[in-house]
Amino acid sequence: MSTAFPAGGDIVLVVDDVPSSLGALCIDLESDGYNVLVASDGTDAIARLDLVTPDAILLDALMPGLDGFETCKRIKAHPEWSHIPVIFMTGLSETSHIVRAFEAGGVDYVVKPVRAAEVLARLATHVRNARAVRMARDAIDIGGRGVLMVDAHGRIAWRSPTGRKWLEEFFEPGNDAACISWLGVRSERGDLVRTHSDRDGRTLLAQCLGSAGLGETMWLLSLPARNAETASRLSTASLTPRETEVLSWIAKGKTNRDVGEILGMSPRTVNKHLEHVFEKLGVETRAAAAALASRELG
């Protein structure tokens, strides 16, 4: 089966055990510019994710075999798919079922029979939000640091690319329990620090930055240089996560207005963060800060 789509359109995976019942919805999605991929059950959906990563998933809650709730859990447990927004489609209106959908990792739900206009509006919002969050989180790796998000249930909700790499080096890949055990209890303060050393004498440092919303706690990961004299200016500048995000986009040539739209803040606020970045890096212009970031990141 070909998974080639016309360039430019977002991809939506529609999962329903009776795909024909959603024919009209699929037509409306395509008319609105989406590329539509269809799966008939949870197992089929996961097989399609191995071929293409959609921008959003419309998922039937009740299906024979692997139901929507378990399918969503498996998707969210996969690092490469966890960012995909999942919208449940369900005929169930009981509160317990709705709560179960959100606990599985869904971001929203629509009640069957689905109304195309409602689905399109919700899709547009979640696709846009997911893209902005993904771009911002990927950008935070600049400066030689990573980020780890732990949810209210003590599970790893997300890790940045650098964070994922370090955790796999210091802990057995996939052993999230060992990492959570190392971090220990949640903290709402930003002064809790954990260290972990490997056989090569390297030390992984985790600093708790407190609540990041949605019941999640943010940990900032760093790998200090063994010799302090070799540490880069970025890694020792103590930039906040938000300052790091701003610098990353400035280094990529974005204007204050562009950065504001990406990170959801005003250009004036972006400029304020830049002032702090300049002071911490010991530079006077955005060009100097961007050059420093580009040079030290190679």
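Check residue 182 against each of (1) within 19 Å of the chain's Cα centre (by Cα); (2) modelled with pLDDT of 80 or more; (3) more than 18 Å from residue 241 (Cα to Cα) and name the one condition it does not meet.
Among (1) within 19 Å of the chain's Cα centre (by Cα); (2) modelled with pLDDT of 80 or more; (3) more than 18 Å from residue 241 (Cα to Cα), the lone unmet condition for residue 182 is (1).
Out of 264, 260, I need the residue that is exposed (fewer than 13 other Cβ atoms within 10 Å of the Cβ) and farther than 20 Å from residue 145 by Cβ. Which one?
Sole residue among the options that is exposed (fewer than 13 other Cβ atoms within 10 Å of the Cβ) and farther than 20 Å from residue 145 by Cβ: 264.
Considering only residues that are among the aliphatic types (A, V, I, L, M) and part of a loop (DSSP other than H, G, I, E, B), look in the range 1-44 and name the one that is modelled with the lowest pLDDT.
Within the range 1-44, the match that is modelled with the lowest pLDDT is 1.
Looking for something open to solvent by less than 10 Å² (accessible area, probe 1.4 Å) and in contact with a Pro (Cβ under 6 Å, 6 or more places away or on another chain) - is there at least one such residue anywhere in the range 63-81?
Of all residues in the range 63-81, those open to solvent by less than 10 Å² (accessible area, probe 1.4 Å) come to 68-69, 71-72, 75.
If we keep only those that are in contact with a Pro (Cβ under 6 Å, 6 or more places away or on another chain) as well, we get none.
Within the range 63-81, none of the residues are open to solvent by less than 10 Å² (accessible area, probe 1.4 Å) and in contact with a Pro (Cβ under 6 Å, 6 or more places away or on another chain).
Just one of 253, 298, 215, 260 is out of contact with any Lys or Arg (no Cβ under 9 Å at 6 or more places or on another chain), at pLDDT 80 or above and of a type in the set (Gly, Ala, Ser); which is it?
Working: 298 fails: at pLDDT 80 or above; 215 fails: at pLDDT 80 or above; 260 fails: out of contact with any Lys or Arg (no Cβ under 9 Å at 6 or more places or on another chain).
Step by step, each of 253, 298, 215, 260 is checked, and only 253 is out of contact with any Lys or Arg (no Cβ under 9 Å at 6 or more places or on another chain), at pLDDT 80 or above and of a type in the set (Gly, Ala, Ser).
If you check every pair at least six apart or on different chains, which have Cβ atoms under 8 Å apart with a residue in the range 54-83 that is touching a residue at least 12 places away in the same chain (Cβ under 8 Å) and closer than 20 Å to residue 128 by Cβ first and a residue that is surrounded by 23 or more Cβ atoms within 10 Å (Cβ to Cβ) and among the hydroxyl-bearing types (Ser, Thr, Tyr) second?
From the range 54-83, the pairs are 59/71.
A quick yes/no check of all residues on (1) among the polar types (S, T, N, Q); (2) open to solvent by 50 Å² or more (accessible area, probe 1.4 Å); (3) at pLDDT 85 or above:
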site: 118; (1), (2), (3): no, no, yes
site: 122; (1), (2), (3): no, yes, yes
site: 142; (1), (2), (3): no, no, no
site: 167; (1), (2), (3): no, no, yes
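Being within 21 Å of residue 151 (Cβ to Cβ), of a type in the set (Asp, Glu) and in a loop (DSSP other than H, G, I, E, B), is that true of even one residue in the range 104-123?
No.
Can you tell me which of 13, 59 is surrounded by 17 or more Cβ atoms within 10 Å (Cβ to Cβ) and touching a Pro at 6+ places or on another chain (Cβ under 6 Å)?
13
The values are calculated or read from the model by the stated rules, or taken from the named source; none is laboratory data. Being a predicted model, the structure only gives us computed values, none of them experimental. Note that we place each Cβ from the backbone using ideal geometry, even for glycine, and neighbour counts take in every protein chain shown. All accessible areas refer to the heavy atoms of the entire protein, side chains included, with ligands and DNA or RNA removed. Shrake-Rupley method; radii C 1.70, N 1.55, O 1.52, S 1.80 Å.
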